[in-house]
1. With the structure loaded, tell me whether Ile108 is loosely packed, with under 15 Cβ neighbours inside 10 Å and of a type in the set (A, V, I, L, M) or whether it fails that test.
2. For the stretch 1-34, what are the residues that are of a type in the set (A, V, I, L, M), over 19 Å from Ser95 (Cα atoms) and touching a residue at least 40 places away in the same chain (Cβ under 8 Å)?
3. Suppose the filter is of a type in the set (Ser, Thr, Tyr), within 14 Å of ligand 2 (Cβ to nearest atom) and more than 17 Å from the chain's Cα centre (by Cα); does Tyr55 pass it?
4. Looking only at the stretch 7-32, count how many residues are within 13 Å of ligand 2 (Cβ to nearest atom) and either surrounded by fewer than 15 Cβ atoms within 10 Å (Cβ to Cβ) or farther than 20 Å from Arg69 by Cβ (or both).
5. As an exercise: evaluate Ser72 against (1) on the phi < 0 side of the Ramachandran plot; (2) under 17 Å from the mean Cα position of the chain (by Cα) and give the number of the one condition it does not meet.
6. Across the stretch 33-42, which residue is farthest from ligand 1 (Cβ to nearest atom) among those that are surrounded by 10 or more Cβ atoms within 10 Å (Cβ to Cβ) and β-branched (Val, Ile, Thr)?
7. May I ask you to list the residues in the stretch 104-121 that are touching a residue at least 24 places away in the same chain (Cβ under 8 Å) and either over 20 Å from Ser177 (Cα atoms) or among the polar types (S, T, N, Q) (or both)?
Amino acid sequence: MTGRKKVLLKFILLGDSGVGKTSLMSQFVSQKFFIDYKATIGANFLTKEVQIDNYLVTMQIWDTAGQERFQSLSISYYRGADCCILVYDVTSTSSFAALNHWRDEFLIQAAPRDPDNFPFVVIGNKVDLNDRVVQTRQVQSWCSDILNVSYFETSAKRGNNIEKAFETAVHNALARS
Ligand code: GTP
Ligand code: MG
């Protein structure tokens, strides 16, 4: 194969504890899902290679801690991200409300150039559960205030929409770089 450009892109998953950040990464990178909850401490990353358009992209996906007491360890990893993936849980209103905080915190800590156009992907996770409380139109309305954002609803448990969400993150990051 000739002519494919190699690029390394950095992604960061942010959102409240328990929304499913680690589960989304695990489903996307290894097609695995774990029922048991194990809090992420600090931050760690996995990589995955994808071919998109004319690019061979190494995705470096950083998973961070949603629990407040572990967050200070994560903050230093925000810098250099090419796209920020904000995750909430469709069965938790507070996790949706917290997206404002996570977005602000990202923009402060990562201090990207051109913050108004920085790419975000918003994920509403756990759509397999039937006690959903956050409605799609609420999220679309929140997103309409942000210039460069895409929205997906996923289930890390079943795997719905995960590839699409991450691929869009790559697209949006490439458009910026
Ligand atoms: P922190 O590391 O504390 O920030 O949490 P997290 O956002 O990484 O959440 P995690 O991926 O650990 O998931 C929390 C719990 O929700 C676990 O018990 C998962 O099995 C469960 N979970 C994650 N995604 C889904 C989903 O799509 N559907 C269902 N039913 N459960 C999920
Ligand atoms: Mg986690």
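1. In short, yes.
2. Of everything in the stretch 1-34, those that are of a type in the set (A, V, I, L, M), over 19 Å from Ser95 (Cα atoms) and touching a residue at least 40 places away in the same chain (Cβ under 8 Å) turn out to be Val7, Leu8, Leu9.
3. In short, no.
4. The total comes to 5.
5. Failed condition: (2).
6. Selected residue: Ile41.
7. If the condition is that a residue be touching a residue at least 24 places away in the same chain (Cβ under 8 Å) and either over 20 Å from Ser177 (Cα atoms) or among the polar types (S, T, N, Q) (or both), then Glu105, Gln109, Asn117 are the ones that fit.
None of the figures in this text is laboratory data; all of them are computed from the coordinates on show. Since the structure is predicted, the reported quantities are computational estimates derived from the model, not experimental observations. Neighbour counts run over all protein chains shown; Cβ positions are idealised from the backbone, glycine included.
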